[in-house]
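**Student:** Have a look at this one before I ask anything.
The values are calculated or read from the model by the stated rules, or taken from the named source; none is laboratory data. Quick caveat, the model's predicted, so the values are computed rather than measured. Cβ sites come from the backbone with ideal geometry, for glycine too, and all protein chains shown count toward neighbours. For the accessible areas, the whole protein counts, side chains as well, though only heavy atoms, and no ligand, DNA or RNA atoms are used. Shrake-Rupley method; radii C 1.70, N 1.55, O 1.52, S 1.80 Å.
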Amino acid sequence: MADLEERLETMAARLPAPGPKTTRRAAAVALATVSAPRAGWRRPARPRPILAIATLAVVVVLVATPAFGVGGELLDLLPGRGEAPRHPAEGGPPGVEPEKSEIPDVFVSCDAREIRAAFDPAQGAVVATGETVLGSATYASGAVSETCRRIPRGSFVPGEPLRVSYEPVDVVCTAPRDVDLEVHPILNGDTGRIFGSNLIVSYGNPARTLFAAVVKPGGARAFYDTKRCSG
Amino acid sequence: VVAERADDAVLVDLARTGDRDAAAALFERHWTRAWRTAFAITGSEAAADDVAQEAFEHAFAGLSSFNGRSAFGTWLYRIVVNAALTAVRDERRRTAFAPGPAEPAGSWVASDAELVAALGALAADRRAVVVLRYWLGFVPTEIAELLELPVGTVHSRLARALAELRLNLEGTDG
């Protein structure tokens, strides 16, 4: 047992490394969170407790109201809440217990420059142009429209600053050229089970991220380009 | 090229102004080690993907709050270590999942399995000091900074963890 420390050190050389896809996706999202400081920026004042409680009460009442909901109409199109588009390569009916093949791992190009994207951490994300849903991502499903065509996966470059939101968002984004969509499952590497999905909207090659949603338990969030998207 | 040669402090200053090439250089420089740190503590490649990515998101989004009292790397890896420990604890609470690198991964060889299992049996806090020291190559003073512990505590925790590992391995042998 005297060589325990040596055995441990030897194992270090055999540690796994992150995969190239993981690295590329992490870079795409992480780099987009870098933003220049705003002129005259000051740390926000600590909110007063009474004001915070009043605000919370208003939010609770609003959320409890059925008519309330950011992007409610668009999110109604998520699988399980209506018909979602299915890519021919995907297969399998919607609303079924997810298996490894239930969420496609696809990169497609769509004929659209202006998109509307809605995200709700409780449900997932939907991207549409006009009346056409281009793609969706939930905890158990993911899909891209068959009107989009598969293209080779490109590399990402840092784009404009992305704003991150762990709350529901509904934005309209305009890209300078047709958008590309990427949908892929988030797998538990140990069990191989799907526990969420990613939906990334980008443009150009190398790609710049316009909108991205990470739909997974405990950390569902959306990112959007603050210069090209408005709520 | 300039960005590749510059040290972290210069890159951080540039990234703070919104220079994403500088941020990209920081990402490239630290990503693999950050991911391996997350993997070593969680024992799961999926968890490492999440933890490392979110750590970089938090770090880059919070560069304005980085005070420069410690090195950028120390600050980043502290975020990774804390997130990884939280992930392990959350996973335990939720599913009673036995944390630790229980499955062969990467290019581990068969003879590693016994030690991997013994590491997986350690409490997360103890496993963290072992893997930070022997797998990631951090020295005790750096581990103390990462875990925000006195250096003496790191030494004693490391000694206890190694003793427990030896006991576990002897139990396996015998």
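**Student:** Residues of A:218-226, mean number of Cβ from any other protein chain within 10 Å of their own Cβ, rounded to a whole number?
**Tutor:** On the way: counts 6, 6, 0, 2, 0, 1, 0, 0, 0.
Mean partner shielding for this stretch: 2.
**Student:** Still on this model: What are the GluC sites (Glu not before Pro) within region B:112-174 that DSSP puts in a loop, where the Cβ has at most 16 other Cβ atoms within 10 Å?
**Tutor:** Details: sites: B:114, B:142, B:145, B:148, B:164, B:170; in loops: B:148.
Answer by residue number: B:148.
**Student:** Once you average over the residues of A:21-29, how many Cβ atoms of partner chains fall within 10 Å of each Cβ?
**Tutor:** Values: counts 1, 9, 8, 0, 2, 12, 7, 1, 5.
Neighbouring Cβ atoms belonging to other protein chains average 5 per residue here.
**Student:** A further question follows. Starting from the Cα of residue B:86, step 7 Å toward the Cβ, then list every residue of region B:65-80 with an amide N under 11 Å from that point.
**Tutor:** Hits in region B:65-80 for residue B:86 at 11 Å: B:79-80.
**Student:** Which order do the peptides B:153-162, B:29-38 take when ranked by the mean count of other beta-carbon atoms within 10 Å per residue, highest first?
**Tutor:** On the way: B:153-162: 17.0, B:29-38: 22.9.
Packing order, densest peptide first, comes out as B:29-38, B:153-162.
**Student:** Could you compute how much accessible surface residue B:57 exposes when probed at 1.4 Å, giving the result in Å² to the nearest 10?
**Tutor:** Near enough 10 Å² of accessible area.
**Student:** Using a 1.4 Å probe on protein heavy atoms only, how many Å² of accessible area do B and A hide from each other, summed over both chains and rounded to 100? Don't skip to the answer; put the middle values down first.
**Tutor:** Numbers: alone 9580 and 13600 Å², together 19240 Å².
Interface area, both chains combined: 3900 Å², rounded to the nearest 100.
**Student:** A follow-up question, please. When you look at the Cβ of every residue in B:29-41, what mean number of other chain Cβ atoms sits within 10 Å?
**Tutor:** 3
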